[in-house]
Structure formats: structure tokens, C-alpha cells
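The values are calculated or read from the model by the stated rules, or taken from the named source; none is laboratory data. All values derive from a computational prediction rather than experimental measurement. Virtual Cβ from ideal backbone geometry, glycine too; neighbours counted across all protein chains shown.
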Amino acid sequence: MNILNISGSPHVHSDESTKKIMWRVNMALIPALLVAIAYFGLPALLVSIVSVLSCMLFQWLIEKFIMKVPSTICDGSAVVTGLLLAFNVPATADMLWIVVIGALVAIGIGKMSFGGLGKNPFNPALVGRVFLLISFPVQMTTWPVVDGFFPTNFDLATGATPLGAFKEGALPADITLWDAFLGHIGGSMGEVSAIAILLGAAFLLWKKVITWHIPVAFIGTAFLFSGILWLVDPSAYMDPVMTILTGGIMLGACFMATDMVTSPMAKSGQLLFGFGCGLLTIIIRNWGAYPEGVSFAILIMNSITPLINRWCKPKRFAV
Amino acid sequence: MKTFKMGGVHPEENKISNDAAIEVMPVGKQMVVLMNQHLGAPATPVVQKGDKVKVGQLIGEAQTFMCANVHSPVSGTVLKVDSCKDAFGISKPAVYINVEGDEWMESIDRTPDIKRECTLEPKEIVAKLKEMGIVGLGGATFPAHIKYNIPEGKKAEYLIINAAECEPYLTSDYRVMIEHAEECCIGISILRKALGVPNAYIGIESNKPQAIAHMTEVARQFEGIIVEPLKVKYPQGAEKQLINAVTGRKVPSGKLPIDVGCVVSNMGTTFAVYEAIQKNKPLIENILTVTGKKLPSQHNYIVRIGTTYNEIINHSIGHLPETTGKVISGGTMMGKAVVNLDAPTVKGNSSVLVMDEAESRRGAESNCIRCGKCMNACPMGLEPYLFSALVKNGRTEEAKAHNILDCIECGCCFFSCPANKPLTDEIRLGKNRVRAMMAAKK
Amino acid sequence: MTQQILIAVIVLGALGILFAALLYIVAQKFKVVEDPLIDEVAEVLPGANCGGCGKAGCRAFAEACVQQGNMEGLRCAPGGDAVMQKIGQLLGCSVEQGEPMVAVVRCNPANCGDKRRSNYDGLRSCAFEATVYTGESGCPFGCLGCGDCVAACQFDAIHMGPDGVPVVDADKCTACGACAKACPRRVIELRNKGRKDRRVYVSCVNKEKGAVAMKSCSNACIGCGKCEKVCPVSAITVTDNLSYIDYTKCIACRKCVVECPTKAIKDVGFPAPAVKPAPKPEAVEATAQPVAEPAKA
């Protein structure tokens, strides 16, 4: 006689799973990774590999020896954190060991200390990144010079990001919008190419991993706000198109602000979240000490996500 | 194409028994008729051991308000009036009948002729529905005479016939539409008369083009029956969602469809209504789908109520496949898993669905990643993830404040959850607790 | 420079005085007068907030005690007689001596496993499983084994046994009754601990007719009434096919244990037959030991 399984309804499940979602995010990050390798060469690849492997290793160690739970490294979330962390640092040889510390902070403090995937209030990769930015300010702002594809000369060439240059005085004259769109500018390895990021975001939208609300609200707010400032005084403020193409806005809006765990759940909340991110980014860029503010903006908004979730509820049926 | 506005999912349809014509299942040697086949209190047995009964004879009488008559599905001798374990192992009062021959009550018209005219007044129709023990066959088995007795001060404007059959696998309503369209339309006309509404709308999902075409064709001969094709989306057949899809109206929280002038009936019920009113045949048969991906053959049957699951399985496919993991009465989204295959079927059973061990097992649960998929899938605009946390921590008051009682238990949240959390189970538990809390306060 | 310091000191000092005054006024205005006795009583209580007394927590219990002025109908089971005496002293009233109680699981796990027909695959909650079906054993009255009682226990005194039925650790159990309330099948009962921790009880709550009950479990009480007849102090009654031993009358003679044809009646805490050295008493409760032995012990 058959032993029957019994449970409450429903008795079927969609083929959606956490693992699938995470690996889809990883796939969406591939274009940006390829562009980074193309522009920054071998260090970009090495930093990425080290970052991903150390994130996975730390997660495995913590789950095995501290939390004593079955390992979840196969679900791909550690890989996402590793890749995003790598994308947020300059592709230099120095980073190879620094990024390991970043991974420890990202996974250990940013994620596992709260109980693992799904329980962390802040985006782990950004926690790691901000920790590194504060602890290793020199290394974290030493950018490799971008000089054509597949560079072979990695000597201590230090370039500048458009944002950094602007903070110092003015944009370098030779940077065009087209450069910024394709990624032919200085910066952290994953954030340079808008086109590669948008390609990945399009994939996520198609697979319904993310919705348009956060990226559009984020980029839209940044564009509008910087546009207003630019109209007020074009000499003191960067033009809005350049603003959204440079720095981490694209990467942040498409991949880090949309992190499911740390962003609001209702559509209205997501719009509010994106708006806050955009606003804070521009405020920090223009009036803060750092030339870039995406990481801080997202982390600040992460911190009020539970409040947004409380306030922004889905529309109920017939109310 | 029309559909409801909010949430919903699209599970694999699996309508593999679509083309199996309705067969008649033979009657077994012994029948067990439960007295509790409907929503509400059990009927009171009115036969005793040794009594001779005929097919269609009243054996259980509705003596309380929320109750429905039960009739004998077979002819023979009453063996005993005792209790019997139902499909979920719970003992229910039941009448055991030894089958002898197949002698029907004289009042029942068994000719195949279709009888079109109905001269009864609305009040008489409702009384006859009660007499014949008609209940809603869409799953809830709500006694029909209560539904069609519109309370004072309320007025029905729409009659909506649920032929969406949005549940995966089920095809009994589809077969009824294909094979008994005219009878159904007469049944609908009778219900329309009972309610005094100008128009009846039949909501059919667009994955049944043949049924839409056929019903439209047949409905043309009838006044005020309109076929409404609907986009395929689950839970289209849920009362509130169907009303929203067809009329655009929304039944507010805690209200009934009649509060927005709507009455919803299942397609299978209209056929039962036709037989009851025009042919004097009480509700003694179910139209039932026997289906499953791994079964050698797919069937649709007309089955006497009281036939056991095992009899149905033995007759249709011989025995359950070795790999069977679950037997479900109803569809995969809202059906109930059966544990006792020796249990008799009851009114409203629409399928015997056999699932494989592998497809029936739930996946391992992991942490909620706050993706919000449950919230987007919820057709009532609720927050299942939040209920999960509140129920787990025993915060019943808050669950109530977040309108947990609005949940229609359609299962979209669990279906779409990537972390495999048993959200629907948790919400049901929470609803029970909220109800208990409210009852304790009274 | 001095001037600046002076200004700062004056401003901050003035602010400090202002706020202090404000705080004082507010504190006076919204003062809650509370009987200091409540604090004293609350101090004596165990502070587990188990809710076994029927109040929302230990403080609510203390308030109820002080308000009532005596201890009638109020009892802190986890605290036991020691705590009750202390509260009695504080309130200046006498306290009845209660008999020590313990939670007892009235379901026999011995023969469920082999009759299992189903595998419960849903939410691990007895309260929910009870709404879905009878449970894995097929017995509509028996333990469901999801451990709602284990989760409810604040004293770590009840654990899931190896055969899927919970086992009470009598030493830790405070008889607060949380497990009994959590059980949707009402399988757990509070009974007296008994002299020398010896107790006899019917380890079954199945009210089905004998034959039906036997189908779901070979250790079910079939309501045959043999125990009722053999009991010398008429402590046993059979209602709805189920036998019940009134612990206030039972003298633990164990005649019923021998008589029971399905071994549904359990005795706990009695020494094992004198062949081997006696095992620990807890072990007797944990695994259903052979119960039939002469009553001369």
C-alpha cells in the first residue's frame, strides 16, 4: 500500500527558487565583468576571482564552524556578494589582498552575523565596500588608467574618475558622454560601462527578478535633481546625463538597490526607496566629503527599509 | 480579454483529461452515505436499520438552517446507521446501504428528453432546491437554497456562472459544457428566474476555446445568457475574483457577493439544478475527473455519491501506480490531500487526482529573501510574508489588524515563494487563531 | 575667552535647570500610584511569564494577588508551595497546600509506526496538521508529533521522544499547563505527581469504539471496562469508550494495569521486576516498558 503524502493545499509549486534567482543575478553581472576585464585586464579578473572565492569560503567557514548549519554556498548568494564587492573596488593588484578583508566584512558582518541570507538589513557587498573605503582610502581611490582594450602594462599608473576630477576642479576635457556610456572612463571595475550594466538589468527585468521601480526611480531622481542644479549653475554642477553615467549610479540602481533582501517589497515603497537613493546620492556627491555617494545612499535607505515596508502597503482588494 | 485586476499566478494547466467523454461508473455492492456532505451541520438520518430505500429517497433531513438534505444514491437495504471515516480520517455520521438492484423513485424522470419549460415561481424553485439537497459544486458545498434565498433589502443584479475551471487538471465542468450545454443553459435560466435577474454571465477561461464556442452557440437560443471569455489566470474561479473579472465590481472585505448585487454559481451546479427542477432528480451523482500525469488513462465519470475512492481507482485504472505520492480530491491549488482511500465520495468532489511521489513532495524550506513575490501574487493585496512572521511569533492581534481574514486561501503565495515557505498553511493557522480569539472575546 | 566660557556655562546650566523642572512637573503630573506590595510579590514569583496561572504574566499575577487580598483561586504552579507560602506571608493570608502536579502525555507511541499510512509534508505545527487530517498514525485523537507542546514549554521539560511522541521530564516540569493548552488534541493532562513519584494513568484519549480504535493503534483504550470493575476504590470511569483514572482517588495498586487487554494503562515510577537492578524512573516513562507485572511490588 502506498504511503501517501499529506499537506495542506496548494500541492504544486512554481519552478521559482532562491537559487535560481541568485544565479540569474550572477548571469546578469557577466556583461559588466567582461567589460571590466576588457578595460582593466588581468587584475580585474583576479580581483573578481579572489573576491568570489573568499566570499564563498567565509560563508562556508561561518556556516560550518560558527552557526553549525548546512552549507548554503550553492545558492549563489555568496557569489553575488563576491562579484558585487569586486565590482565596487578598483582593479589594481593591491586589491587582491584588500578585497579578502572586504569579503570577510561583507559576509561575516554584513550577512552572517544577522543570520544569513534574507536576514541582513544592509547590502553585504556595500557593507564590505564602505568598510574598505574607510579603512584603505588610498588604495580604494587609486584607479588604473584606462587605455584601450586589454592593457598589458599595469605599472603604477593612476588615473582619476570623472567624479574625482570634477570634485577637484573640472571634468577632464577629453571625456565624452559616449566614453561614459561604453565605460571608457576610470572608476571601480564594474561600474564603468553603463551599457553592460543596462544589458544585465534588461535580463533581470525579463526574468522578473527585479521590477523597474527602483532603478527608474533612482536614476530618474538623480537625473532630475542634478538637472535642476545644473540649470541653476552649469559651471558648478555636473550635467545630468554625465551624472547618471559616471560613478556607481547605474551599477547601484540596477544591481545593489534592487537587492531583494534589503529593499522594500511594495511597489510604492520601491519608488520611495529609489527616490531616496537618488536624492541622497546627488546630495553626497555635491556637498559631501566623498566624490561618490551611491554606496552611502543605498546603505542609508537600506536602514529605513523596514520603516518603508511598514508604511507602504500593497493596495488591498476592494479598499 | 477580461480578468481580475490584482495578483494571480499561472500554474501549469495540465488539462490532460479534456478529451475523455463522461462515462458512467457502475454501482458497487455497498454504499456509505455521509450525513455531512455540505457546509454546515450534518443532516439527521431518517432511515433505520433494515429499511428498504430506493434511488433518490430522502435518507438524511436538513433540520437546522445551515444544512442540506441527503438522498440515497442506490436502492437496497439500510445495513446500519453509524459513523464512517471520511477521506481525511475523521469520523462522520453515515448511513450504510446494501445495494440491491437499481430501483429509482417513481417521481424521477429518467428519460433522456430535454425538458425546457419551467413553470415554477421563484419561491417554489428555492424550495425545490432545498428538497433536492442541491449544494454548490464548486468546492465549498454551500447549500443552494440558502444562497438563492436573497435576504430582505438586498437585490441581485448579476448571476455569474463560474466555468473558469482555473484549477489545474480538473475537466469535469469542461465536459459538462461540451456534453450538456443545453441542460446547463436551462439550469441557468431557472436560477435567473429564481433570482429575478435580467442577465446571467458565464465566465470561461480562454484555454477552453471549444467550450466557449459551443456555449455561445447554445446560449443564443436562450434569453439573457452571455458567455464571457476570460484570460487564463488563477484564481479566476474564486468568487470575489470572478465577480471582479466579469462585472468590474469588488466585494469589500467581510461582505458577501450579494452585497454588490452578484450571485455566483458553479457550472456543475447548474446541471444539477436542471436535473433537480426539471427531472425531480436529487443530488446523488458527481461528475468527477480521474487524472494524473503518470496514470495509464484519463477519465471523466458520472459517479454515484458514496462510491469509495478505491472503487473509483479500481474501476478506472485498476490500481494506483507504485510511484504514487499523493491523491487529491479537487485541483492541485485548493484540493485536499486524501489519506483514507476507503472513504466514500461526497457531494462536490470534482476529481481524483493522482500525483507522483516526486512532484507531490514539497521542497526544502529556506529563509525568506523578502522578494515580495507572495505579495505580488496575492489576489487580495495582502502580505503573506508578514503573516508568516506574525503567526510564527503568535502575534494574533496584529495578524488580524493586517486583515488576515481577507485571505481566500487560494495558495498563490506558497506557489510563488522561491524559499518554499508554507505560507498558505501558516495563514490558515493564523486565521484559525484569529477566529478563536474573536470567539473568545464575544 | 572667559566670557565665552561663562556664556556656555550659564546657557547650559539654565537649560539643565529648565529641563529638570520640566521633568519634575511631568513626573508629578503623570505619577502612577501603585501598591508597593505588587513589586514585593512579583519579586517572589519565578518570573518565567509562562501564563500557567491564566494571567498575562508574573506581574499580572502579582497584581491580581494584591488586588484580591487573598490567594483563593490563584496559584503559581511553577513556583509551587514554597512561593505560594511566601506570597501568603506577604499578603498576610493562609495558603492551601497544593499537591505537586506534572504533565502527562496520554498517547502510547509503542505501536504507531507500523500502521503509518501517510507522511505529513506540510507546516510543522500540530494545530495546523489537526485541521488537515487525522495525522500520520491514523488515530484521530492521538498525538500528531509536530511538537507544539515542546515549543510551548518555557522550562525545557518536554521533548520529542524517539518514536514521535513527546516525553515529559518530570524533574523539570512545573505543571504550568502550557503544553496541555498548546496541544490541539488535548493529549496532555496535568496529574498529581503521586507518592514517591508513582502514578498510574490511561495512556490514551481515543473515544472511538473499540474495534475502530484498535485499527488505528494496538495500544488504544477500547473502553472494555475491565479496569473499572477491578478497581478497589472506584477511581476508574469509562465514558465514550474511554477509561479515565481519577488521580484524586487512585491508590496506585496497579490492578488495572494488569487487567488492561491492550496495555493502554501505564504505571510510572514503580520499580521494575526484581530480576535486575532497577532502571532510572525516567526511562520507564520514555520508552513504554512492559507494564504487566504482579501488583505485589
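Some observations on this one:
- Positions within region B:289-309 being part of a strand (DSSP E or B) and either over 18 Å from B:Thr324 (Cβ atoms) or touching a Cys at 6+ places or on another chain (Cβ under 9 Å) (or both), in sequence order: B:Asn300, B:Tyr301, B:Ile302, B:Val303, B:Arg304
- Residue list for region A:79-128, filter: buried (at least 24 other Cβ atoms within 10 Å of the Cβ), assigned to a helix (DSSP H, G or I) and within 14 Å of chain B (Cβ to nearest Cβ): A:Val80, A:Thr81, A:Lys111, A:Pro124
- Count of residues meeting criterion [surrounded by fewer than 22 Cβ atoms within 10 Å (Cβ to Cβ) and either over 12 Å from the mean Cα position of the chain (by Cα) or charged (D, E, K, R) (or both)] in region C:133-150: 3
- Residue tally, condition more than 12 Å from A:Met256 (Cβ to Cβ) and among the charged types (D, E, K, R), over region A:119-133: 1
- Qualifying residue in region C:240-249 (condition: touching a helix residue (DSSP H, G or I) at 6+ places or on another chain (Cβ under 7 Å) and within 14 Å of chain B (Cβ to nearest Cβ)): yes
- Odd one out for A:Ser9, checked against (1) within 14 Å of another protein chain (Cβ to nearest Cβ); (2) modelled with pLDDT under 90; (3) buried (at least 23 other Cβ atoms within 10 Å of the Cβ); (4) farther than 17 Å from B:Glu365 by Cα: (4)
- The residues of region B:17-32 that are within 27 Å of B:Glu167 (Cβ to Cβ) and either touching a strand residue (DSSP E or B) at 6+ places or on another chain (Cβ under 8 Å) or not in a loop (DSSP other than H, G, I, E, B) (or both), listed by number, are B:Ser17, B:Ala20, B:Ala21, B:Ile22, B:Glu23, B:Val24, B:Met25, B:Val32.
- Residue that is farthest from the other protein chains (Cβ to nearest Cβ), among those in region B:359-374 that are within 27 Å of B:Tyr169 (Cβ to Cβ) and buried (at least 22 other Cβ atoms within 10 Å of the Cβ): B:Cys374
- Within region A:1-56, being touching a residue at least 60 places away in the same chain (Cβ under 8 Å) and outside any helix (DSSP H, G or I) holds for one residue alone: A:Gly41.
- Among (1) at the interface with chain B (Cβ under 10 Å from one of its Cβ atoms); (2) modelled with pLDDT of 90 or more, the one test that C:Arg106 misses: (1)
- Scanning region A:276-319 for residues that are surrounded by fewer than 17 Cβ atoms within 10 Å (Cβ to Cβ) and in a helix (DSSP H, G or I) turns up A:Ile283, A:Trp287, A:Ile300, A:Ser303, A:Pro306, A:Leu307, A:Arg310, A:Trp311.
- Lone unmet requirement of (1) among the charged types (D, E, K, R); (2) under 16 Å from B:Ile146 (Cα atoms); (3) in contact with a Gly (Cβ under 8 Å, 6 or more places away or on another chain) for B:Lys281: (2)
- Among the numbered conditions (1) under 22 Å from B:Phe271 (Cβ atoms); (2) assigned to a loop (DSSP other than H, G, I, E, B); (3) within 14 Å of chain A (Cβ to nearest Cβ), the only one that B:Ile243 does not meet is (2).
- Unmet criterion (only one of (1) within 14 Å of chain A (Cβ to nearest Cβ); (2) among the β-branched types (Val, Ile, Thr); (3) outside any strand (DSSP E or B)) for B:Val354: (3)
- Top-ranked residue in region A:32-42 [being crowded, with 17+ Cβ neighbours inside 10 Å and over 14 Å from the mean Cα position of the chain (by Cα); ranked as farthest from the other protein chains (Cβ to nearest Cβ)]: A:Gly41
Residue-by-condition table, conditions (1) surrounded by 10 or more Cβ atoms within 10 Å (Cβ to Cβ); (2) touching an Asp or Glu at 6+ places or on another chain (Cβ under 9 Å):
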residue: C:Val11; (1), (2): yes, no
residue: C:Leu22; (1), (2): yes, no
residue: C:Ala27; (1), (2): no, no
residue: C:Val33; (1), (2): no, no
residue: C:Lys55; (1), (2): yes, yes
residue: C:Ala62; (1), (2): yes, yes
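- Output for region B:314-351, where each listed residue is small (Gly, Ala, Ser), closer than 28 Å to B:Ser72 by Cβ and at the interface with another protein chain (Cβ under 7 Å from one of its Cβ atoms): B:Gly335
- Residue count, region B:367-406 (criterion: touching a Leu at 6+ places or on another chain (Cβ under 8 Å) and either assigned to a helix (DSSP H, G or I) or under 25 Å from A:Lys111 (Cβ atoms) (or both)): 14
- Just one of the listed residues (B:Lys279, B:Lys293) is surrounded by fewer than 24 Cβ atoms within 10 Å (Cβ to Cβ), within 14 Å of chain A (Cβ to nearest Cβ) and not hydrophobic (A, V, I, L, M, F, W, C), namely B:Lys293.
- Failed item in (1) assigned to a loop (DSSP other than H, G, I, E, B); (2) more than 30 Å from C:Arg199 (Cβ to Cβ), with C:Gly52 passing the rest: (2)
- When residues of region B:375-405 are limited to those that are of a type in the set (D, E, K, R) and within 12 Å of chain A (Cβ to nearest Cβ), the one nearest to B:Thr424 (Cα to Cα): B:Glu383
- Each residue in region A:262-319 was checked for being charged (D, E, K, R) and away from every other protein chain (no Cβ under 12 Å), and 2 pass.
- Residues located in region A:161-215, provided they are more than 15 Å from the chain's Cα centre (by Cα), under 22 Å from A:Lys267 (Cβ atoms) and assigned to a helix (DSSP H, G or I): A:Ala202, A:Phe203, A:Leu205, A:Trp206, A:His213
- Positions within region B:246-276 being within 14 Å of chain A (Cβ to nearest Cβ) and either of a type in the set (D, E, K, R) or not in a loop (DSSP other than H, G, I, E, B) (or both), in sequence order: B:Thr247, B:Arg249, B:Lys250, B:Lys255, B:Pro257, B:Asp259, B:Val260, B:Cys262
- Residue match in region A:229-243 (condition: in contact with a Gly (Cβ under 7 Å, 6 or more places away or on another chain), modelled with pLDDT of 95 or more and not hydroxyl-bearing (Ser, Thr, Tyr)): no
Residues are listed down the side, and each one gets a yes or a no for (1) assigned to a loop (DSSP other than H, G, I, E, B); (2) within 12 Å of the chain's Cα centre (by Cα); (3) within 24 Å of A:His184 (Cα to Cα):
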position	(1), (2), (3)
A:Ser235	yes, no, yes
A:Val241	no, no, yes
A:Ile244	no, no, yes
A:Cys254	no, yes, yes
A:Met265	yes, no, no
